């Protein structure tokens, strides 16, 4: 280990809590209509349910970023998109431009269209059905901007971090409904997937209101309610007229790796997955992607080009690699993410993207997330290595150990803790 590493110790305490746990009294989640005043200017978050977006829509965002922002489009840990430094467009102009390309279908529900979906297979049907039903329900406009739905393909890649999720189980087209990542024993058929997800959202609102009336602090996520998953499961089962069974202890969060390179899909098609280093698409990269009919943004800050004939895959790999996107499974950016850091965030204590770029080397193991302050914005779900700026150095924390090191020597410490 480098001599610059000051300490490393075993720990049994949990990782520092993320920004979602340090909640204020007001829901301040940014959106396309409610911009966040970041240190580098207004920030807009464009929600794209399931990460689904067309090449033409991405091209429109690229033009908007170039004309009114900093020229980049950021990918978030929920597979949404962000535009930064939007000093060149008023909120009214921004909304009109997003609406014109189909990225703002509902102003009333804009903040609550938080739907995660497995990127592969890239079937957008259930996502679109849920999105339409959500936007058609006036009461659900009251959901917090942090409440997250998930439709999982069975890979377990998105279900366990959501407030409510469906996950196919067994051979009989049945779905487990998970509440804050927990299996409460509720099973539904394919025709009840969307009703179950909506019923869970209504249950959350009712339970949050009950708890607030009893003096509890406002809850933004289901897990923040006292016995929230259990109470919500009971309410949804009653609403649907479905009995609750025993939860399956085998339904646990698996190890998930983002799709990189050529990935086979059902029906003889293939997809090409690319990582976006530090989650920032530049104009050249967006130009390379915009000719795709459909794109899928992933929760790991990557992009998938789905539904390709096999003979077209290698050309896409070459095109994306030439644009600076990572298409090799051995890339040093596999599993590595970061928050905005300085200069974009006033709360950040370091330029974490610069430091992550300097320190990151190829290596397997736990995911790594760099953060500029204790809020931990964008932290991944599940076990990971957290690299947090303190103002003088970096505090590095993993489930099995921790340590501190200055930026110049933090690489060795991160590599050690990443091994698990």
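Quick check on this structure: which one of 188, 166, 177 is over 19 Å from the mean Cα position of the chain (by Cα), surrounded by 24 or more Cβ atoms within 10 Å (Cβ to Cβ) and part of a strand (DSSP E or B)?
Every option except 177 fails the conditions.
Report, by residue number, each residue of segment 306-334 that is farther than 20 Å from residue 121 by Cβ, in contact (Cβ under 8 Å) with a residue 60 or more places away in the chain and not in a loop (DSSP other than H, G, I, E, B).
326
Go through 231, 223 for me and flag whichever is over 30 Å from residue 277 (Cβ atoms), surrounded by 15 or more Cβ atoms within 10 Å (Cβ to Cβ) and over 25 Å from the mean Cα position of the chain (by Cα).
Exactly one of 231, 223 is over 30 Å from residue 277 (Cβ atoms), surrounded by 15 or more Cβ atoms within 10 Å (Cβ to Cβ) and over 25 Å from the mean Cα position of the chain (by Cα), namely 231.
Could you check segment 377-397 and list, in sequence order, the residues that are part of a loop (DSSP other than H, G, I, E, B) and either in contact with a strand residue (DSSP E or B) (Cβ under 7 Å, 6 or more places away or on another chain) or without any contact (Cβ under 8 Å) to a residue 12 or more places away in the chain (or both)?
Selection gives 377, 378, 379, 380, 384, 393.
Please list, ordered by first then second residue, the pairs with beta carbon atoms under 7 Å, 6 or more apart or interchain, first in segment 184-206 and modelled with pLDDT under 95, second part of a helix (DSSP H, G or I) and surrounded by fewer than 22 Cβ atoms within 10 Å (Cβ to Cβ).
184/229; 184/230
Filter segment 330-347 down to the residues that are surrounded by 15 or more Cβ atoms within 10 Å (Cβ to Cβ) and farther than 14 Å from residue 389 by Cβ and list them by number.
Of everything in segment 330-347, those that are surrounded by 15 or more Cβ atoms within 10 Å (Cβ to Cβ) and farther than 14 Å from residue 389 by Cβ turn out to be 331, 332, 333, 334, 335, 336, 337.
Tally time: how many residues in segment 118-137 are closer than 24 Å to residue 273 by Cβ, modelled with pLDDT of 95 or more and outside any helix (DSSP H, G or I)?
2
Here's a check for you: in segment 382-418, which residue that is surrounded by fewer than 19 Cβ atoms within 10 Å (Cβ to Cβ) and closer than 25 Å to residue 159 by Cα is nearest to the chain's Cα centre (by Cα)?
382
Identify, by number, the condition in (1) more than 30 Å from residue 316 (Cβ to Cβ); (2) surrounded by fewer than 21 Cβ atoms within 10 Å (Cβ to Cβ); (3) touching a residue at least 40 places away in the same chain (Cβ under 8 Å) that residue 363 doesn't meet.
Condition (1) is where residue 363 drops out.
From the list 61, 86, which one is closer than 26 Å to residue 284 by Cβ, free of Cβ contacts under 8 Å to residues at least 60 places away in the same chain and outside any strand (DSSP E or B)?
Sole residue among the options that is closer than 26 Å to residue 284 by Cβ, free of Cβ contacts under 8 Å to residues at least 60 places away in the same chain and outside any strand (DSSP E or B): 86.
Per-residue answers, yes or no, for (1) at pLDDT 95 or above; (2) in contact with a helix residue (DSSP H, G or I) (Cβ under 7 Å, 6 or more places away or on another chain):
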| position | (1), (2) |
| --- | --- |
| 217 | no, no |
| 220 | yes, yes |
| 250 | no, no |
| 275 | yes, no |
| 286 | yes, yes |
| 304 | yes, no |
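If I ask for residues that are in a loop (DSSP other than H, G, I, E, B) and either out of contact with any helix residue (DSSP H, G or I) (no Cβ under 9 Å at 6 or more places or on another chain) or under 21 Å from residue 255 (Cα atoms) (or both), which ones from segment 362-372 would you list?
362, 363, 364, 365, 366, 367
For segment 111-155, enumerate the residues that are surrounded by fewer than 18 Cβ atoms within 10 Å (Cβ to Cβ) and under 15 Å from the mean Cα position of the chain (by Cα).
none
What is the one condition in (1) under 21 Å from residue 28 (Cβ atoms); (2) at pLDDT below 95 that residue 170 does not satisfy?
Result: residue 170 fails condition (1) only.
For residue 343, all conditions in the list (1) over 18 Å from residue 259 (Cα atoms); (2) in a strand (DSSP E or B) hold save one; what is the number of the exception?
The failed condition is (2).
Got a sec? Which of 71, 50 is outside the structural domain of residue 136 (by TED's automatic domain parsing), at positive phi, part of a helix (DSSP H, G or I) and at pLDDT 95 or above?
50
The values are calculated or read from the model by the stated rules, or taken from the named source; none is laboratory data. None of the values given here were measured: they were computed from a predicted structure. Note: ideal-geometry Cβ built from the backbone for every residue, glycine included; neighbour counts use all protein chains shown.
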